[in-house]
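Participant: Mind having a look at this structure? Questions to follow.
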Amino acid sequence: MNHQLIFSTNTKHLYVHVPFCNHICTYCDFKRILKNEHTQPLVDGYFNDLEKWTKKFKFKQFDTIFLGGGTPNCLTDAELEKLLSLISVYANDDCEFSIECNPDLINQNQIDLFKKYKVNRISLGVQSTNNQILKQINRIHTIEDVAIAVDLLHQNDIYNVSCDFIYALHHLTLDDVEDVFKFILKYQIPHVSFYALEIKSGSLMKKLGLILDEEQEADQMEYIIKRFSEINYLRYEVANWTIDPNYCCKHNMAYWLSNDWIGIGYGAHGFENKIQYYFDKPLQDPKLITNQLTDYEVNQQILMMGLRLVNGLDLNIDKFNNAYKMFKDKLKAVSITKNNHLVVDDINLLHNSILDLF
């Protein structure tokens, strides 16, 4: 594979993976490293790696930057400032600059750094408002920690806050789900991601053999959709809601619309020039794995990602129309065209329809 094709486009989206965590959640299978006093050489190697790859950027100003993980804010203040100072120079004046955070780690020092380096969107991994369930999935924060973090962000005039929640957790009841909505309303959270728990092969939950109740999951999904509608939140993607379209995650929209993006950092994925790539192997010996997609695979990906959007894909745009034409016969059973947009007939059945086609 010609690596010159990587970082060679004028893509306007950058993802930076920060693989370090101060603990490991039971449901997680992402690339991550438990950060402790013995991992400093890995941290140093990580920053050396970032510096190497940022020098290869052709395009120097991004519309969106997302720092994900891992737990980016588990870094020390000095490490966090090093990361932000390295990456923030690539943010344009209107950049949506997001960082994932654990709520219990947010403090005034971190917020001062966020503001200094143009970070303007905070994504909080809340997962549940039930402290017992948080313990069950090995989250070390409490809902009280989340409230403190949100209050502190608001006190510093940071209101573009997104909260991630999970449903279909063991022992999660509809009363627990309703408590999430009470929290959303009380703290005026403008953007919410609400995902069904997926037990993946690399997670502790999978190794323990925990099985989800599919009927419970369906009941909870139905309740979540109903409650968001009642409080006038807009559903714009299968698992994302917002009080105002201005708070939609622009970076994730780039994924769903199959735009090119650069990914750097151990565990990061990128997509450019029809090439999927990711960084694998330990930080001291990073390896770039690439996969050149065929036109069939590119169009397949366009449909699988784009049909997650409630408004679907605009068929006036060539790349979406070309994908539609290639799979038109297969799509007849599960999709419709509306105002020249291709949309899923029932977005709630997305996983049981579109994914089965491929």
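The values are calculated or read from the model by the stated rules, or taken from the named source; none is laboratory data. Predicted model, so just to flag it, every value in this text is computed and none were measured. Cβ coordinates were reconstructed from backbone atoms using ideal geometry, including for glycine residues, and neighbour counts include every protein chain displayed.
Participant: Could you please find all residues in segment 75-110 being assigned to a helix (DSSP H, G or I) and surrounded by fewer than 19 Cβ atoms within 10 Å (Cβ to Cβ)?
Facilitator: Asp77, Ala78, Glu81, Lys82, Ser85, Leu86, Ser88, Asp104, Leu105, Gln108, Asn109
Participant: Let me ask something else about it. Starting from segment 124-139, take each residue that is without any contact (Cβ under 8 Å) to a residue 12 or more places away in the chain and list its partners that are in a loop (DSSP other than H, G, I, E, B), counting only C-beta distances under 6 angstrom and pairs at least six apart or across chains.
Facilitator: Leu134/Ser128
Participant: When segment 60-88 is examined, which residues are found to be among the aliphatic types (A, V, I, L, M) and in contact (Cβ under 8 Å) with a residue 12 or more places away in the chain? Reasoning before the result, please.
Facilitator: Our first condition is that a residue be among the aliphatic types (A, V, I, L, M); within segment 60-88, this holds for 65, 67, 75, 78, 80, 83-84, 86-87.
Selection gives Ile65, Leu67, Leu75, Leu80, Leu83, Leu84, Leu86, Ile87.
Participant: So which residues in segment 105-123 are of a type in the set (Ser, Thr, Tyr) and within 15 Å of Cys74 (Cβ to Cβ), if there are any at all?
Facilitator: Ser123
Participant: While we're here: Find all pairs meeting these conditions: Cβ atoms under 7 angstrom apart; at least six residues apart or on different chains; first residue within segment 172-190 and more than 16 Å from Leu134 (Cβ to Cβ); second residue acidic (Asp, Glu) and at pLDDT 95 or above.
Facilitator: That search, which allows pairs on different chains as well, returns Pro190/Asp244.
Participant: Outside any helix (DSSP H, G or I), at pLDDT below 95, charged (D, E, K, R) and more than 20 Å from the chain's Cα centre (by Cα) - does that describe any residue in segment 212-221?
Facilitator: For segment 212-221, residues outside any helix (DSSP H, G or I), at pLDDT below 95, charged (D, E, K, R) and more than 20 Å from the chain's Cα centre (by Cα): present.
Participant: Another question, if that's okay. Before we move on, is Gly267 in contact (Cβ under 8 Å) with a residue 40 or more places away in the chain, part of a loop (DSSP other than H, G, I, E, B) and of a type outside the set (S, T, N, Q)?
Facilitator: Taking the combined requirement at face value, the residue satisfies it.
Participant: Moving on. Do you know which residues across segment 327-340 are crowded, with 17+ Cβ neighbours inside 10 Å and either in contact with a strand residue (DSSP E or B) (Cβ under 6 Å, 6 or more places away or on another chain) or within 20 Å of Asp295 (Cβ to Cβ) (or both)?
Facilitator: Phe327, Leu331, Ser335 - these are the residues of segment 327-340 that are crowded, with 17+ Cβ neighbours inside 10 Å and either in contact with a strand residue (DSSP E or B) (Cβ under 6 Å, 6 or more places away or on another chain) or within 20 Å of Asp295 (Cβ to Cβ) (or both).
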